[in-house]
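No value in this document is a laboratory result; all are computed from the given coordinates. Here the structure is a predicted model, which means the values were calculated and not measured. No Cβ is skipped: glycine too gets one built from the backbone with ideal geometry, and neighbour counts run over all protein chains shown.
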Amino acid sequence: MNCSEAINLLSALHDGELSSDLHQSVEQHVRQCESCAAAHADFVALSSLVIEQSTLEPPADLWGRIESTLDSDSTAIAPVAPAKNWRDLFRDSKRSRATVAVVLIAVFGFAFIVHETMDHGHDEHLAVNFDQFLNEFPKSPERAQKLLHANYPSDLVDVDQATLEVKYRPAVANSLPDGYTLDSVHLVRMPCCLCVEALCTAPDGTRVAVLEHAVDQPVWFGDRPTEECDFNGRKARLVHFDGQIAATWMSDKRFLTVIGIRDTDEITELMKHLDPPQA
Amino acid sequence: MTESLADIISGCQSNERSAQQQLYELHSRRVYRLCVRLVGKQDASDVTQQTFLKVFRTIHQFSGGSRFETWLHRVTVNECLQHTRSRIRRPEIALNVDPVVSSQTGVAAESAELLQAALDRLEPELRTIFVLREIEELSYAELAETLDVSAGTVASRLNRARTHLKELLTQLGWEA
């Protein structure tokens, strides 16, 4: 065994993670090689520096803070109990007219509140699900896509099927920049709309997701800082995450979001092809 | 997974508050300790809170295919890395972290502070793998599963983490 082979195995030797044969041969090399022995001794010394902080305790009020957030989560979508003995309210006709008015106001008010709270519930789930999607995308676009499809019903389609379903020609059907390939198109039933989600491969092998949706979705990016940029007179909202960029802009009556972008030049190029300026 | 932990997880999947509290009591020290090491003491309680909220909101996705502790480590590490990235994106917030409060005194306390100072300067991915190995004592197989990388990557990343950490400690005046 030589130094370049041994040096890569020093951590595994130190951690006792080598097979017995390999352990023996690396150990033998370390005994004979001064520089590898020194590197190994450094690893041993580092481990001895690590002293377990067993006295570290979370703050006493931490569970209370978590519980209060969980409480606000559940009240945001809690159903309202139906009124009891509602038939009694209609016993006499004079009182019933007033009661009907009160009930109608209550019903419409309740419907409004339920609609609002449902929206917030959806927003929260969208924020959580897209947070996972964005965390996963730089590591594995395919796994990120699977996560999205696990949370929302989706169908693998071709561009023509997508056009029939959503009643518009998806942007990825226009054209893609040179060297880009369209790998898959899915229809994803999001709470806001039926969204067209396409996965493409750039010439350098990196993956780009293109989502076309009816409603602007700033909630997708959670509390990540956003910046607004101008691309030849068109405003786009940019979010940086894990060395990549996501960008959203309005295209005609819909919104386009591209995820997994390397730099603003790539956005310009994608915009030019996916969403060419109207004549 | 023990029977009782399986029951607690099942209760959490049904949004039972008592089960959520039990899970918190079982694992909060470990999560908090990991957060202190990865994001610093001043932010550790906030990140611990975020981690448990994420756990309770997504625990229905835990299928039992891996050990619960591995899944919990993964959620904690992701929350810590996301927090670190957001701090990098907001340069107005100082990246230096408070020293970990230590019960040791004298030379041991100095060594602990020196180590934490060097860890804070280490790249987040290298810091994470070093802490998970040396402090949480995860095996290479558990590290690979938690960080979603191959066993080969675990070995080479740990090598880099230790080599770089040793250089940083030397710059800070440490003598092995």
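Shielding of peptide B:24-36 by partners, expressed as the average count of other chain Cβ atoms within 10 Å per residue Cβ, is 3.
Listed values for the range B:22-37 are Karplus-derived 3J(HN,Hα) couplings in whole Hz (6.51 cos²θ - 1.76 cosθ + 1.60, θ = phi - 60°), namely 4, 4, 4, 5, 5, 10, 5, 5, 5, 5, 4, 4, 5, 5, 4, 5, and x replaces Gly and Pro. Expressed as a rounded percentage, what relative contact order does the range A:130-274 have, with Cα pairs under 8 Å and six or more residues apart? This gives 19 percent for the range A:130-274.
Extending 7 Å from Cα along the Cβ direction at A:Ser47 and again at B:Arg29 yields two label points whose distance is 2.4 nm. Put the Cα centre of the range B:13-59 next to the Cα centre of the range A:219-257 and the gap is 32 Å. Computed from the Cβ-Cβ distance with R0 of 35 Å, the FRET efficiency linking A:Ser35 to A:Asp158 stands at 0.05.
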